[in-house]
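Right, one structure below, let's go through it.
Where a number appears in this text, it was derived from the coordinates with a stated rule and is not lab data. Quantities reported herein were computed from a predicted structural model and do not represent experimental measurements. Heads up, the Cβs are rebuilt from the backbone with ideal geometry, glycines too, and the neighbour counts pull from every protein chain shown.
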Amino acid sequence: MVKTKTNTEDYLRMYRQMVRIRTFEDNANQLYLSAKMPGLTHMYSGEEAVAVGICEALKVTDKITSTHRGHGHCVAKGAEFKEMFCELLGKEEGYCRGKGGSMHIADQSNGNLGANAIVGGSMGIATGSAFTAKLLGKDDVTVCFFGDGATAQGLMYEVMNMAALWKLPVIYACENNGYSEYTKTEEIAAGSITARAEAFGIEAHQVDGQDVLAVNELTQDLVARARKGEGPFFMELMTYRYHGHHVGDINREYYRSKEEEQDWKENRDPIIKFRSWLVEQGIATEDDIEAMNAEVKKDAEEAVAYAEAAPYPDETEVDMHVFTDIKHALA
Amino acid sequence: MREITLSQAVNEALAEEMRRDETVFIIGEDVAEAGTPFKVLSGLVEEFGTERVVDTPIAEPGFMGLAVGAAMTGTRPVVDLMFGDFIYLIMDQLCNQAAKTHYMSGGKMSAPLVLRTNMGATRRSAAQHSQSLHALVAHIPGLKVAMPSSAYEAKGLMKTAIRDNNPVVIFEDKLMYNDKAPVPEEEFLIPFGEANVKREGRDITLIATSSMVQVCEAAAEILAKEGIDAEVIDPRTIVPLDEETLIASAKKTSRVIVVDEGHQSYGITGEIAGRINEKAFYHLDAPVLRMGAMDVPVPFSPALEDITVPTPETVAENARKLMSGEMIHAA
Ligand SMILES: Cc1ncc(C[n+]2csc(CCOP(=O)(O)OP(=O)(O)O)c2C)c(N)n1
Ligand SMILES: [Mg+2]
């Protein structure tokens with residue numbers, strides 16, 4: 001890892017954010033396993049360096065679009081545990097008042113335009129957000145997160161073409177975790193992923209998605225250039241998801257081996273890697289780190305307890321928010 | 001008679017038809033080794049190989065379009081669309097291409113394909129994985145639409161669909177995959193356009209599709225205890241629609257409720273109510289009532305989701321009102 005910032009605070013915040021994501025997911029998984037969470041959810045564990053490396057290079061006013069595997073993006077862009085857990089449990093105080101749930105969590109206050117349950121569904125939205133910035137003369141940059149599987153969607157090629165033609169300040173961030181659902185990427189993606197962006201004249205980079213500093217350094221550079229009108233850009237971040245495709249995907253040896261999972265977890269974990277770097281560099285002691293971990297763990301446990309006790313929305317909310325200017329659509 | 005699940009019934013129908021006709025093939029996401037997320041197709045790739053059970057990239061318009069072309073040139077594709085909600089992505093290929101090929105070519109070409117997909121809320125899957133969108137395709141001339149209400153129908157209708165020379169869309173309720181029903185071991189087909197009178201009754205007709213058949217049967221039980229004798233009819237296919245059976249029942253009982261899980265407005269319930277109005281008006285003692293899903297996107301929160309769909313209690317409640325004449329005064 002290469003030292004890219006001089007500010008100790010920044011490094012510690014990056015570490016903390018990665019731990020917050022992992023801890024959030026561990027708790028979410030537990031909620032599922034104990035049948036306390038309605039429906040299913042997709043864990044971001046293992047991919048923390050991607051969301052954190054990228055979002056730490058963004059301002060609050062910059063926008064992101066997220067995916068079905070979206071808790072990591074949401075946390076990294078600044079969301080609070082309480083509102084997130086409330087949303088996962090369908091409670092009134094959730095970010096979306098319980099209407100969206102895990103797959104639609106959005107946090108407008110921090111520029112998160114929302115998770116999306118349609119694979120590739122946010123590519124148009126991200127490009128449109130960049131269009132707004134250009135039209136209104138703002139210096140906002142938009143990052144579009146999506147998986148390797150989503151590169152099969154035609155929409156991606158339609159919007160990349162327009163983004164390139166119109167030099168829009170958007171960064172397409174492909175989180176290549178090697179799988180789309182229960183299928184290996186190489187079985188469903190022909191040729192090279194970065195070459196597809198390059199075909200539109202978009203500058204494309206492949207980066208180690210387990211190295212938060214590498215991700216952050218590249219993103220800082222691209223964001224700065226996108227702000228100057230040199231966009232769009234494309235990043236392929238090589239990463240890995242630790243859990244199944246969703247929390248219920250437990251028996252998965254038919255599509256990937258336990259050894260492979262073990263290897264990524266033991267030898268390429270983004271948090272372990274960054275932690276030892278912080279200690280090596282004298283930025284934090286083991287004790288500092290343990291204290292930080294414990295604090296995050298406590299925060300998460302408190303937020304879960306809060307969310308469990310929180311009320312569901314009142315039934316009268318069911319026909320609210322169908323239209324913006326009509327309080328109850330069916331009244 | 002032996003009982004099998006709806007999922008096994010679909011699997012058997014496909015296997016039998018694939019053995020009978022080597023031009024039948026399955027195409028979609030994670031259909032082969034994974035056997036779909038609902039495990040409906042498990043075992044088929046082992047028997048028929050990856051050439052006839054084809055895993056695709058996440059490219060719905062692409063594989064739908066490919067299926068249309070394959071169907072036009074001598075094969076019988078069964079397209080697997082993982083969630084009914086993704087039908088929006090393939091609308092052009094389905095509605096502009098497949099549905100119109102025969103007509104536009106003056107009867108010279110056809111697209112004998114089956115689109116298998118699902119419907120149904122209350123699975124806590126939120127707004128983009130819970131919709132029942134059969135009305136959208138039923139609106140398009142050239143497409144047939146089947147809605148199995150149990151394992152028996154799922155098998156018989158699937159076999160008929162595969163042999164039909166037109167594009168057929170089958171909506172399976174995703175909450176019913178594990179529901180068992182008696183299904184004969186001997187081969188059988190269920191012709192399209194033949195409604196099934198699930199329960200005979202004198203006082204009121206409940207016309208129901210898919211999982212709403214169960215709901216109406218349960219409502220009929222409740223009503224029977226109160227001395228109201230309800231007839232329950234399952235049209236089984238909504239295109240073609242067995243108007244004759246529905247009209248005859250309306251004339252007999254003089255009161256009708258149509259229950260369906262699509263949104264109530266501009267849906268199947270309105271269409272069926274309209275036909276009964278046109279053809280049985282002078283036999284009716286009350287307005288024909290529509291009961292669909294509430295006209296809101298499906299909310300995630302269980303507290304809200306459960307009140308968006310008809311239940312045995314709400315159907316029974318409306319039946320009582322029709323019987324007591326309350327609705328006549330309201331109208
Ligand atoms: C349009 C569409 N097709 C299919 C799905 C079902 N689905 C959900 S996630 C997923 C795999 C996505 O893979 P990838 O984009 O690599 O993201 P990852 O899950 O690996 O993060 C699929 C096929 C969907 N939600 N939307
Ligand atoms: Mg992936």
- prompt: Comparing A:Glu302, A:Glu93, A:Glu203, which has the greatest mean-square fluctuation in the GNM of chain A with Cα pairs linked when under 10 Å apart?
  reply: A:Glu302
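Would you mind calculating the gained length between B:Asn178 and B:Asp306 on full extension (0.36 nm times residue separation, minus the Cα-Cα distance), in nm to one decimal?
Values: separation 128, 0.36 × 128 = 46.08 nm, distance 2.02 nm.
Fully extending the segment from B:Asn178 to B:Asp306 adds 44.1 nm.
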- prompt: Across the range B:227-235, in residue order, what do the Karplus-derived ³J(HN,Hα) couplings come to in whole Hz, using 6.51 cos²θ - 1.76 cosθ + 1.60 with θ = phi - 60° and x for Gly and Pro?
  reply: x, 9, 9, 9, 9, 10, 10, 10, x
- prompt: Anyone know which of A:Phe274, A:Phe233, A:Phe200 comes out most mobile in the 10 Å Cα GNM of chain A?
  reply: A:Phe200
Per-residue [θ]222 nm for chain A (sum of -39500 (n - 2.57) over DSSP H runs n ≥ 4, rounded to 500): -13500 deg cm²/dmol
- prompt: Once the dipole of chain B is set up with Lys and Arg at +1 and Asp and Glu at -1 on Cβ about the Cα centre, which of B:Leu322, B:Val53, B:Ala286 lies farthest towards its positive end?
  reply: B:Ala286
query: If you take the beta carbon distance between B:Arg19 and A:Thr8 as r and set R0 to 41 Å, what does 1/(1 + (r/R0)^6) give as a FRET efficiency, to the nearest 0.05?
result: 0.05
message: Using the crude model of +1 on Lys and Arg Cβ and -1 on Asp and Glu Cβ, and no other charge, please compute the dipole size for the protein assembly as shown relative to its Cα centre, in debye to 20.
response: 1420
- prompt: Between B:Glu194 and A:Ser276, what is the spin-label point distance in nm, taking each point 7 Å from the Cα along the Cα→C-beta axis?
  reply: 7.0
message: Looking at the range B:3-182 only, what percent of DSSP beta bridges run antiparallel? Nearest 5 please.
response: 15
- request: Among A:Thr239, A:Ser109, A:Gly94, pick out the residue whose Cα is farthest towards the positive end of the charge dipole of the protein assembly as shown, where Lys and Arg carry +1 and Asp and Glu carry -1 on C-beta, about the Cα centre.
  value: A:Ser109
Karplus-derived HN-Hα couplings along the range B:256-272 (A = 6.51, B = -1.76, C = 1.60, θ = phi - 60°), whole Hz, x at Gly and Pro: 9, 10, 10, 10, 8, 8, x, 4, 5, 6, 6, x, 4, 4, x, 5, 5
message: Student exercise: in chain B, how many lysine pairs 8 or more apart or on different chains have Cα atoms under 15 Å apart?
response: 7
message: Compute, for chain A, the length of the dipole vector about the Cα centre, with Cβ point charges of +1 (Lys, Arg) and -1 (Asp, Glu) only. Units Debye, rounded to 20.
response: 800
field: chain A: mean projected area of Cα convex hull, nm²
entry: 17.5
query: Considering chain B as a Gaussian network with a 10 Å cut-off on Cα pairs, which listed residue, B:Ala273, B:Ala71, B:Ala208, attains the greatest mean-square fluctuation?
result: B:Ala273
message: Let me check I've understood the local charge: for B:Ile140, count other residues with C-beta under 14 angstrom from its C-beta, Lys and Arg +1, Asp and Glu -1. What total comes out?
response: 0
- prompt: Label point 7 Å out from B:Glu226 along Cα-to-Cβ: which residues of the range B:192-206 have amide N under 15 Å?
  reply: B:203-206
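Can you give the extra length, in nm with one decimal, that the chain gains between A:Glu158 and A:Gln30 once fully stretched, where that is 0.36 nm per residue apart less the Cα-Cα distance?
Working: separation 128, 0.36 × 128 = 46.08 nm, distance 3.97 nm.
That works out to 42.1 nm of additional length.
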message: Using a 7 Å offset from the Cα along the Cα-to-Cβ direction at both A:Ala199 and A:Lys297, what is the distance between the two label points in nm, to one decimal?
response: 4.9
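Using the beta-carbon distance between B:Thr122 and B:Tyr88 and R0 = 30 Å, what value does 1/(1 + (r/R0)^6) give for FRET efficiency, to the nearest 0.05? Intermediate results must be reported in sequence, preceding the final value.
Details: r = 21 Å, r/R0 = 0.70.
My answer for the efficiency is 0.90.
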Fraction in percent of alpha-carbon pairs per bin - 20 Å, chain B: 33, 57, 11, 0
query: Alpha carbon centre of the range B:177-222 versus the range B:104-142: separation in Å?
result: 21
statement: Between the alpha carbon centres of the range B:1-38 and the range A:137-169 the gap in Å comes to 37
- request: Starting from the amide H of A:Tyr172, placed 1.01 Å from N in the peptide plane, find each other amide H under 5 Å away whose residue is 5 or more places distant or on another chain.
  value: A:Cys144, A:Phe233, A:Phe234, A:Met235
- prompt: Near A:Glu260, within a Cβ-to-Cβ distance under 12 Å, what is the net charge of the other residues, with Lys and Arg +1 and Asp and Glu -1?
  reply: +2
